[in-house]
Amino acid sequence: MTHKTKYIFVTGGVTSSLGKGILASSLAKLLQLRGYNVTIQKFDPYINIDPGTLNPYEHGECYVTDDGAETDLDLGHYERFLNVPTSQSNNVTTGRIYETVIRRERMGEYGGKTVQVIPHITNEIKRRFRLINETNKFDIILTEIGGTVGDIESLPYIEALRQFRYEHGPEHCLVIHLTLLPYLQASGELKTKPTQHSVKMLLQSGIQPDVLVCRSEHKVPQDVKDKIARFCNVKLESVIENLNASTIYEVPFLLKKEKLDTVVLKQLSLDQKEDPDLTYWKDFVTRLKNPNDEVTIALVGKYVELHDSYLSIVESLGIAGAENELKIKIKWVHSEDLTNENVVRQLGDVDGILVAPGFGVRGVDGKIIAVKFARESKIPFLGICLGMQIAVVEFGRNVLNLEGANSTEFDEKGAHPVINMMEEQKKVKQMGGTMRLGAYECAVKRNSLAHKAYQKTRITERHRHRYEFNNSYAAQYEKGGMALTGTNPDTELVEIVELKDHPYFMGVQFHPEYKSRVERPHPLFLSFINAAHEHMVQQNRDEVEE
Ligand code: GLN
């Protein structure tokens, strides 16, 4: 067996939500900046084939890759940190593993054997650990195992990891365990026992972790590190403090200070190569933390109770803000709470309005009110996917006087189906993975807002929808003042709409938030934030003059 590729696994202990995704992304970034070709994949221990059918309240946003995979939101972090696209094989669930094994069983591929968790499920997990490197292009593969060690549903992954490590050897397969050091106010101490227990749990499964990353709200004193090292059988240098950061983009710096990248490369017998050049990131974090001004963006959606439902949008706004040294204050507006009576109170003081993607009729009326307000008050507006469709519906009803204009998602028999189900979607019966998904080209009209933002006439963006602009209304919309400035070159599907008589009003059928990266702020978010800032400056000027 050639051992060109090195594997790093990240497991979690003590509690969930400690930030395995950010740890993996930050470490991968440091290794990438040292000159290694790195990718990150995530294994999720739930039965859904992918998170595409999950309600955002369950699991936060569903992130979409270029090749149309509906994936866990951690993949968004991977892309924003690493600035390389992920794909179908970067996210695997238990459902996917079982689906493959059961399909093989039905084909008689197990030759009459009893099909079992061990070895059949674990073999499939191990195959998937490697699958991402089919073309052998990665030097290092980081694999995040979802869930917390000790969960029943994680057991097959932990066993697969034990075997994988045995087969590859610790020099080629490193295990990083992320734990929590709780702080007891009364005694003023960081407690190590939960970490010790969590490591014991891994040991019971036959895995000795190599590196312990300890989340802590206080500095971890040397004697505490020493204790953890001694009781958990890891080298002292491999006990890494992971303090709370004021932004996730600071975590690579904190981990570098703790020499996590150096320790990892040493244990994997890899060359340290060059010291990671974090200049760009340093400037970025400095801009992020030292803004010159603040703009308020209303994020209108129906899942606003769980901010993770809009994670990539929030991060894209923040990244674009940092580029211009602007702090983005998000005003979360629940679309179900928006009425004609309270809209001025809810949206009157914001500098930009973003109407979010979504599915189903709940909260749609409020979104229409938000669009109308943005249009009439000339507040910069960005509508994404459903947000764009709502902008089309609102314009149809209130400007073109198309009574009852609607999307057939909400009214199948309305007089004016200005948003219609896509033809190829009409025959679709199955739910998961059947929308128009992934990257498609879009031709952008010259001199449009979008053209100014992208500085290009051909762009590629990612999609996730079943409905589209009904092109039989195209001429009417254009004539009435809504320009169709972006279309798919092959199908004519409308991708971008803009208002002629408005400083910044843009609806996009695609999801720009999936392609925004730290090292490449997204042009649409940049232009939207700039417009919001200009609007704010203008408002302030008007107030002074009054
Ligand atoms: N529900 C709409 C559709 O399916 C919009 C989807 C979305 O916002 N992602 O077309």
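The values are calculated or read from the model by the stated rules, or taken from the named source; none is laboratory data. What you are looking at is a predicted structure, and each value in this text was computed from that prediction instead of being measured. Cβ placement follows ideal geometry from the backbone for every residue including glycine, while neighbour counts extend to all protein chains displayed. Heavy atoms of the whole protein, side chains included, go into the accessibility calculation; ligands, DNA and RNA do not. Shrake-Rupley method; radii C 1.70, N 1.55, O 1.52, S 1.80 Å.
Name the pairs: first residue in the stretch 465-479 and of a type in the set (A, V, I, L, M, F, W, C) and modelled with pLDDT under 95, second residue part of a helix (DSSP H, G or I) and more than 15 Å from the ligand (Cβ to nearest atom), Cβ to Cβ under 7 Å, at least 6 apart or on different chains?
Qualifying pairs under 7 Å: none.
Quick one: what pairs do we get from the stretch 372-388, first residue touching a residue at least 60 places away in the same chain (Cβ under 8 Å), second in a helix (DSSP H, G or I) and more than 16 Å from the ligand (Cβ to nearest atom), C-beta under 6 Å, 6+ apart or different chains?
Partner pairs satisfying both residue conditions: 380/531; 380/532; 380/535; 381/374; 382/528.
Within the stretch 491-499, does at least one residue satisfy the condition of being more than 16 Å from the ligand (Cβ to nearest atom) and open to solvent by 30 Å² or more (accessible area, probe 1.4 Å)?
Checking the stretch 491-499: at least one residue is more than 16 Å from the ligand (Cβ to nearest atom) and open to solvent by 30 Å² or more (accessible area, probe 1.4 Å).
Would you check if there is a residue in the stretch 436-443 being crowded, with 19+ Cβ neighbours inside 10 Å, at positive phi and either among the hydrophobic types (A, V, I, L, M, F, W, C) or modelled with pLDDT of 95 or more (or both)?
Looking for residues that are crowded, with 19+ Cβ neighbours inside 10 Å, at positive phi and either among the hydrophobic types (A, V, I, L, M, F, W, C) or modelled with pLDDT of 95 or more (or both), one finds at least one in the stretch 436-443, hence yes.
In this structure, is residue 165 closer than 20 Å to residue 92 by Cβ and open to solvent by 20 Å² or more (accessible area, probe 1.4 Å)?
yes
Take the conditions within 19 Å of residue 505 (Cα to Cα), touching a residue at least 24 places away in the same chain (Cβ under 8 Å), not in a helix (DSSP H, G or I) and not acidic (Asp, Glu) and apply them to residue 438. Does it pass?
It is false that residue 438 is within 19 Å of residue 505 (Cα to Cα), touching a residue at least 24 places away in the same chain (Cβ under 8 Å), not in a helix (DSSP H, G or I) and not acidic (Asp, Glu).
All but one of (1) at pLDDT below 95; (2) touching a strand residue (DSSP E or B) at 6+ places or on another chain (Cβ under 8 Å) hold for residue 370, so report the exception by its number.
Condition not satisfied by residue 370: (1).
Look at residue 54 and say whether it is free of Cβ contacts under 8 Å to residues at least 60 places away in the same chain and surrounded by fewer than 24 Cβ atoms within 10 Å (Cβ to Cβ).
yes
Which condition does residue 415 not pass, out of (1) more than 26 Å from the chain's Cα centre (by Cα); (2) closer than 25 Å to residue 51 by Cβ, if it passes all the others?
(2)
Does residue 219 satisfy the criteria of being among the basic types (Lys, Arg) and open to solvent by 50 Å² or more (accessible area, probe 1.4 Å)?
Judged against the criteria, residue 219 is a match.
Residues of the stretch 62-80 being closer than 16 Å to residue 306 by Cβ and open to solvent by 10 Å² or more (accessible area, probe 1.4 Å), which ones?
62, 73, 74
Please enumerate the residues belonging to the stretch 1-31 that are open to solvent by 10 Å² or more (accessible area, probe 1.4 Å), among the β-branched types (Val, Ile, Thr) and within 14 Å of residue 214 (Cβ to Cβ).
Of everything in the stretch 1-31, those that are open to solvent by 10 Å² or more (accessible area, probe 1.4 Å), among the β-branched types (Val, Ile, Thr) and within 14 Å of residue 214 (Cβ to Cβ) turn out to be 14, 15.
Which pairs do you get when a residue that is in contact (Cβ under 8 Å) with a residue 40 or more places away in the chain, found in the stretch 524-537, comes within reach of a residue that is open to solvent by 30 Å² or more (accessible area, probe 1.4 Å) and basic (Lys, Arg), reach meaning Cβ atoms under 7 angstrom, with the pair 6+ apart or on two chains?
Listed pairs, sorted by first residue: 527/452.
I'm trying to understand the selection: among the residues of the stretch 96-110, which are open to solvent by 70 Å² or more (accessible area, probe 1.4 Å) and either of a type in the set (Gly, Ala, Ser) or part of a loop (DSSP other than H, G, I, E, B) (or both)?
If the condition is that a residue be open to solvent by 70 Å² or more (accessible area, probe 1.4 Å) and either of a type in the set (Gly, Ala, Ser) or part of a loop (DSSP other than H, G, I, E, B) (or both), then 107, 109 are the ones that fit.
Residue by residue through the stretch 473-510, note down the ones that are more than 20 Å from residue 370 (Cβ to Cβ), small (Gly, Ala, Ser) and under 25 Å from the mean Cα position of the chain (by Cα).
486
Given the criterion hydrophobic (A, V, I, L, M, F, W, C), in contact with a Pro (Cβ under 7 Å, 6 or more places away or on another chain) and crowded, with 17+ Cβ neighbours inside 10 Å, identify the matching residue among 158, 140, 125.
Every option except 125 fails the conditions.
Scan the stretch 450-468 residue by residue and report those that are surrounded by fewer than 20 Cβ atoms within 10 Å (Cβ to Cβ), touching a Lys or Arg at 6+ places or on another chain (Cβ under 8 Å) and not in a loop (DSSP other than H, G, I, E, B).
Residue satisfying the conditions is 451 alone.
Going by what's in this entry, would residue 83 be described as surrounded by fewer than 19 Cβ atoms within 10 Å (Cβ to Cβ), in contact with a strand residue (DSSP E or B) (Cβ under 7 Å, 6 or more places away or on another chain) and at pLDDT 95 or above?
For residue 83, the condition - surrounded by fewer than 19 Cβ atoms within 10 Å (Cβ to Cβ), in contact with a strand residue (DSSP E or B) (Cβ under 7 Å, 6 or more places away or on another chain) and at pLDDT 95 or above - is met.
Being in a helix (DSSP H, G or I) and of a type in the set (A, V, I, L, M, F, W, C) is the filter here; which residues of the stretch 469-483 pass it?
Within the stretch 469-483, 474, 475 meet the criteria.
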